[in-house]
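Inspection log for the structure reproduced underneath, given as structure tokens.
The values are calculated or read from the model by the stated rules, or taken from the named source; none is laboratory data. Because the structure is predicted, anything quoted here is derived from the model rather than measured. Every residue, glycine as well, gets a Cβ built from its backbone with ideal geometry; the counts of neighbours run over all protein chains shown. The protein model used for the area step is the full one, side chains on, heavy atoms only, and it has no ligands, DNA or RNA in it. Shrake-Rupley method; radii C 1.70, N 1.55, O 1.52, S 1.80 Å.
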Amino acid sequence: MAFINENEKYCTTCGSLYEVRDMEGEGKVQFCPTCNAWHFPVFNTACIMIVVDRVNRKILLIKQYGRPDYILVAGYVNRGEDAETTVAREVKEETGLDVVQIHFNRSEYFERSNSLMLNFTAYVDDASSMKVNREVDSYAWFSFEDARKNIKEGSLAKKFLEAYLDEAPFPDDICQTLL
């Protein structure tokens, strides 16, 4: 039997094997014949942030967990938390910085972690108070173009950063208009 998601074969309520059935208006959906209930996909939700110092016109990239590449600050949305709260909380937890403005950029499903990744730009005014927590091995502030050159090749972080930089007509002027 083919499942919609091979990682979700059994009903989370009763443990019965799902069936895949056609649901009017939805297409193929997993169905529990024991509970007589439809079950939609379950996935994680995370935020991944382009942290921008508005005053110095720099982008923050971090290294984590002993890996050699620069990436963006990111974290999972907690139960009951909206995405904007997650952005401010994760930036504060990992860097000690206060976010003063948030802008949603785009989203993409990331198969490897079964996560919907929500990309935001998180603007900060005072990077001098930077104090990273134990999750961050090292960090650096980069110009817009140097951030593009230094972020991990082939990563979703790079894809989000490049889309942000490519869609802004004049990336260095973004910060000026926000001051």
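Points to keep in mind about this one:
- A dipole drawn for the chain from +1 and -1 charges on Cβ atoms has a positive end, and of Y10, F160, A37 the residue lying farthest that way is Y10.
- Highest average packing first - 115-123, 22-30, 51-59, Cβ atoms within 10 Å: 115-123, 51-59, 22-30
- Taking the Cα centre of the chain as origin and assigning +1 to Lys and Arg Cβ atoms and -1 to Asp and Glu Cβ atoms, the resulting dipole is close to 420 debye.
- Rounded to 5, percent antiparallel among DSSP beta bridges of the chain: 75 percent
- Cut-off 14 Å (backbone N to label point 7 Å along Cα→Cβ of V55), residues of the stretch 129-161: 129-131
- Sites listed here are chymotrypsin sites (Phe, Trp or Tyr not before Pro) in the stretch 1-98 whose DSSP assignment is loop and whose Cβ has at most 11 other Cβ atoms within 10 Å: Y65.
- Once the 1.4 Å probe is applied to the protein heavy atoms, the chain comes out at 57 Å² accessible per residue.
- For the chain, carbon and sulfur atoms together expose 49% of the accessible surface, with a 1.4 angstrom probe and every protein chain in place.
- Highest-first arrangement of 44-50, 11-17, where packing means the average Cβ count within 10 Å: 44-50, 11-17
- The stretch 70-135: relative contact order in percent, alpha carbon pairs under 8 Å with at least 6 residues between: 31 percent
- Degrees between helix 156-167 axis and first principal axis of the chain (Cα, 0 to 90, nearest 10): 60 degrees
- Taking all Cα pairs closer than 8 Å and separated by 6 or more residues, the relative contact order of the chain comes to 22 percent.
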